[in-house]
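Student: Have a look at the structure that comes next, please.
Here, each number is a calculation from the coordinates, and none is a lab measurement. In this text the structure is predicted, and so the values were computed from the model without any measurement. As a convention, Cβ positions derive from the backbone with ideal geometry for all residues, glycine included, and neighbour counts pool all protein chains shown.
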């Protein structure tokens with residue numbers, strides 16, 4: 001008993017010392033420079049930041065309690081709830097970093113205590129720095145990217161999630177005119193319980209899914225067909241056709257979308273002009289709710305097919321020829337070859353791309369916003385038109401209507417959907433890419 | 001019989017091609033035609049104007065902020081390309097060549113983040129930039145673009161790094177090279193296709209993207225091309241369509257050539273990324 005505690009004496013003591021006071025364990029291990037450095041850093045940080053951190057956390061919990069008032073004609077600024085929320089978040093990140101430093105300090109003391117227990121020398125300051133540099137090189141490489149991802153992607157995501165649990169919305173809860181409060185799940189409750197919100201949400205969701213599926217499938221098959229046609233052995237000037245058909249892919253998408261917006265304009269668009277000159281009645285391309293949806297899918301076909309065609313052409317050239325010859329020998333018909341050979345092989349090769357396209361189309365804001373702007377109007381919808389998808393609805397709620405909490409609630413539902421989708425996708429991929437992840 | 005059918009198929013294909021040719025080319029020719037058409041309205045515009053004029057181009061450059069938008073976009077594009085490529089290369093190198101704690105979780109995180117378009121948290125970005133005084137600055141936009149490109153580019157770049165045989169570096173290490181030296185002298189030069197893909201993509205994004213600039217850049221003199229052109233079309237008076245057409249041609253021409261030229265890199269880059277994840 002005595003022996004075992006004796007053998008573990010230094011590591012336990014050092015760890016406890018460091019847990020009580022940052023840097024103390026290092027001093028105990030006779031790493032004086034490191035210990036002092038840790039102590040100074042920890043004390044400087046703690047005493048400088050402690051009041052700010054306290055304020056930040058308090059702000060995060062209360063979201064401010066001094067409303068802006070007008071006293072005798074003068075505006076007396078109150079708390080700005082949203083800024084307090086952000087300060088709170090940043091504080092939280094810093095506290096987590098400090099906690100990480102604290103944990104590392106204990107771990108380091110224990111590690112060096114272990115060395116002493118085993119009767120080995122404890123590395124000096126310069127030696128430790130050198131070792132850390134070698135071991136942590138990959139982390140050093142990842143540091144800038146991590147910071148970027150943290151502040152540009154993760155922080156906004158967390159902030160966004162938090163907003164959904166507040167009442168941050170026009171007209172009554174816009175800082176710094178008035179305060180914002182935590183309201184729990186009430187926003188979600190409203191979304192599903194209030195008739196108009198529910199109608200809007202489900203209506204848009206259904207169209208969004210239909211749009212994503214229809215656009216992905218239509219582009220897939222038109223791309224495959226076009227590739228098959230261009231690669232048909234009897235077709236001449238293959239290079240010419242391929243160049244022509246790839247063109248829409250090379251033109252910047254927003255330009256094509258805007259051009260189509262003008263071309264298909266109901267009253268002065270050139271396309272309807274031609275149709276009228278041909279003696280037919282004009283088509284309500286963008287003004288009829290159903291027709292507008294069809295138009296969106298057609299316009300998407302126009303500029304998305306070329307990419308798939310180029311991709312499929314590549315896939316088709318790698319198709320094993322002997323399989324087709326074997327099928328011919330067995331008396332397979334053309335359609336049999338297509339459905340039993342070409343389609344499965346192409347699908348297997350392009351499945352990841354299809355999933356990416358689906359995810360992209362699901363949130364294809366540019367197309368919807370620039371082509372139709374969500375119009376034509378839908379009388380039953382809150383802040384949305386007939387062709388709006390979830391992301392453009394969120395955009396409108398945020399930038400035009402200041403319905404921040406509802407926008408966040410809807411985007412959380414989208415987050416969940418996307419996460420489930422990508423996890424499932426990742427699982428599926430992992431089975432084929434096992435060796436890469438180890 | 002079978003030969004007849006075959007011929008019919010070929011004729012059918014040519015007919016389809018003819019239709020596609022018209023639908024593909026028509027919008028493109030229409031824009032060019034309109035931009036060269038005298039007069040300001042669409043009603044009088046014909047596909048092939050009798051007396052082509054460059055008045056709209058002159059008008060575009062003299063009377064709108066087009067040149068300014070163009071410089072803005074180029075600045076953002078170059079800064080974004082440099083910053084993104086550096087970030088992505090460092091990240092991909094770490095993931096490809098080192099085995100460390102949290103590596104798998106890191107890769108997984110990137111994969112999931114890639115699925116979230118940056119603009120999903122529009123409102124958060126808006127408020128965060130406002131807080132950090134980066135709203136309505138190009139720097140703010142560049143930082144957001146660069147942050148977004150990491151999750152997208154890293155997998156492509158890592159996929160490419162993985163195909164470079166390790167024996168090359170091991171030889172270099174034996175000769176006393178450091179990690180940084182092998183990265184710059186061996187891995188990067190061998191990964192030109194992947195680097196081109198990432199750099200090109202980040203260069204082109206500011207030309208194509210609309211939603212992020214619309215959130216970040218508020219004043220007219222800071223806008224990018226996409227915003228400026230959208231505003232020309234969005235206000236439904238049809239007088240500015242001809243100017244828009246001129247602008248559209250000026251923007252589309254160089255990018256179209258760029259895309260056609262780098263076709264292979266761009267299409268295969270996406271496939272390579274998808275293969276690996």
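Student: Determine Rg/Rh for the stretch A:53-190; Rg is computed over alpha-carbon atoms and Rh is the Kirkwood hydrodynamic estimate from the same atoms.
Tutor: 1.20
Student: Roughly what percent of Cα-Cα pairs across the stretch A:257-367 reach past 16 Å?
Tutor: When every Cα pair of the stretch A:257-367 is considered, 71 percent fall beyond 16 Å.
Student: Counting every Cα pair in the stretch B:152-249, what percent are over 19 Å apart?
Tutor: Every Cα pair in the stretch B:152-249 considered, those over 19 Å come to 61 percent.
Student: Here is a follow-up. Starting from the Cα of residue A:281, step 7 Å toward the Cβ, then list every residue of the stretch A:355-381 with an amide N under 20 Å from that point.
Tutor: It comes to A:376, nothing else.
Student: Same structure, new question: Note down the nm distance, to one decimal, between modelled labels 7 Å out along Cα→Cβ at residue B:137 and at residue A:177.
Tutor: 2.9 nm
Student: Work out the FRET efficiency for residue A:21 and residue A:130 from their Cβ-Cβ distance, taking R0 = 25 Å, and round it to the nearest 0.05.
Tutor: 0.40
Student: Output the relative contact order of chain B, whole-number percent, from Cα pairs under 8 angstrom with separation of 6+ residues.
Tutor: Relative contact order here is 31 percent.
Student: Moving on. Based on the alpha-carbon gyration tensor of the stretch B:120-195, what equivalent-ellipsoid semi-axes (square roots of 5 times the eigenvalues) come out, in whole Å, largest first?
Tutor: The equivalent ellipsoid of the stretch B:120-195 has semi-axes of 38, 14, 9 Å.
Student: Moving to a separate point now. State the Cα centre-to-centre distance between the stretch A:97-158 and the stretch A:282-352 in whole Å.
Tutor: 51 Å
Student: Based on alpha-carbon atoms only, what is the radius of gyration of the stretch A:1-122 relative to the globular estimate 2.2 N^0.38 Å?
Tutor: Rg over 2.2 N^0.38 Å, computed on Cα atoms: 1.61.
Student: While we're looking at this one, here's another question. With no solvent and one point on each alpha carbon, what is the Debye value of log10 I(q)/I(0) for chain B at q = 0.07, 0.16 Å⁻¹?
Tutor: -0.38, -1.21
Student: Work out, in µm²/s and without decimals, the Stokes-Einstein translational diffusion coefficient of the protein assembly as shown at 25 °C, 0.890 mPa s, Rh from Kirkwood over C-alpha pairs.
Tutor: 84 µm²/s
Student: When the Kirkwood radius is taken over all Cα pairs of the stretch A:193-270, what Stokes-Einstein diffusion coefficient follows at 25 °C and 0.890 mPa s, in µm²/s?
Tutor: D = 151 µm²/s.
Student: In nm, to one decimal, how far is the residue A:68 label point from the residue B:19 one, both placed 7 Å along Cα→Cβ?
Tutor: Here the modelled spin labels are 6.0 nm apart.
Student: Next question. Distance in nm between label sites at residue B:174 and residue B:59, each 7 Å beyond Cα in the beta-carbon direction?
Tutor: It is 7.1 nm.
Student: Over the whole of A:258-269, what's the average partner chain Cβ count within 10 Å per residue? Rounded to a whole number, please.
Tutor: So the per-residue partner count for this stretch is 5.
Student: Separate question: Please give the helix B:263-276 orientation as an angle from the longest Cα principal axis of chain B, in degrees from 0 to 90, rounded to the nearest 10.
Tutor: Orientation of helix B:263-276: about 50 degrees from the principal axis.
Student: A further question follows. Using only DSSP helix segments of four residues or longer, with each worth -39500 (n - 2.57), what per-residue ellipticity at 222 nm results for chain B after dividing by its residue count and rounding to 500?
Tutor: -24500 deg cm²/dmol
Student: Let me ask something else. Under a GNM of chain B (C-alpha, springs under 10 Å), which listed residue has the highest mean-square fluctuation: B:172, B:92, B:226?
Tutor: Top of the fluctuation ranking is B:172.
Student: Taking the alpha-carbon set of the stretch A:306-389, what are its Rg and Dmax in Å?
Tutor: 20.3, 62
Student: Still on this model: For chain A, what does the helix formula give at 222 nm: sum of -39500 (n - 2.57) over DSSP H segments with n ≥ 4, over the residue count, nearest 500 deg cm²/dmol?
Tutor: It comes out at -23000 deg cm²/dmol, rounded to the nearest 500.
Student: So for the stretch A:1-155, averaging the separation of alpha carbon pairs under 8 Å that are six or more residues apart and normalising by length, what relative contact order in percent results?
Tutor: 30 percent
Student: Translational diffusion coefficient, Stokes-Einstein: compute it for the stretch A:236-306 using the Kirkwood radius over C-alpha pairs as Rh, at 10 °C and 1.306 mPa s, and state it as an integer in µm² s⁻¹.
Tutor: Rounded, D is 118 µm²/s.
Student: PRE reach from residue A:225 (point 7 Å along Cα→Cβ): which of the stretch A:262-305 fall under 19 Å by backbone N?
Tutor: Inside the label zone: A:294-305.
Student: If you average over every viewing direction, what projected area does the convex hull of the Cα atoms of the stretch B:15-97 give, in nm²?
Tutor: 10.3 nm²
Student: Okay, next question. Per residue, what volume in Å³ does the convex hull of the Cα atoms of the stretch A:148-201 enclose?
Tutor: In the stretch A:148-201, the Cα convex hull volume per residue is 102 Å³.
Student: Binned at 10 Å from 0, what are the whole-percent values of the Cα-Cα distance distribution for the stretch A:124-243, short to long?
Tutor: In order of increasing distance, the bins hold 10, 15, 17, 16, 18, 16, 7, 1 percent.
Student: What is the mean number of Cβ atoms from other protein chains located within 10 Å of the Cβ atom of each residue in peptide A:217-230, rounded to a whole number?
Tutor: Taking the mean over all residues of the peptide, I get 1.
Student: Okay, next question. Express the relative contact order of chain A as a whole percentage, based on alpha carbon pairs under 8 Å and six or more residues apart in sequence.
Tutor: 16 percent
Student: Name the shape class, rounded, prolate or oblate, that the alpha-carbon gyration tensor gives for the stretch A:329-438, where a ≥ b ≥ c are the square roots of its eigenvalues, rounded holds for a/c under 1.5, and otherwise prolate holds if a/b is larger than b/c and oblate otherwise.
Tutor: Because a/c hits 1.5 or more and a/b fails to exceed b/c, the stretch A:329-438 counts as oblate.
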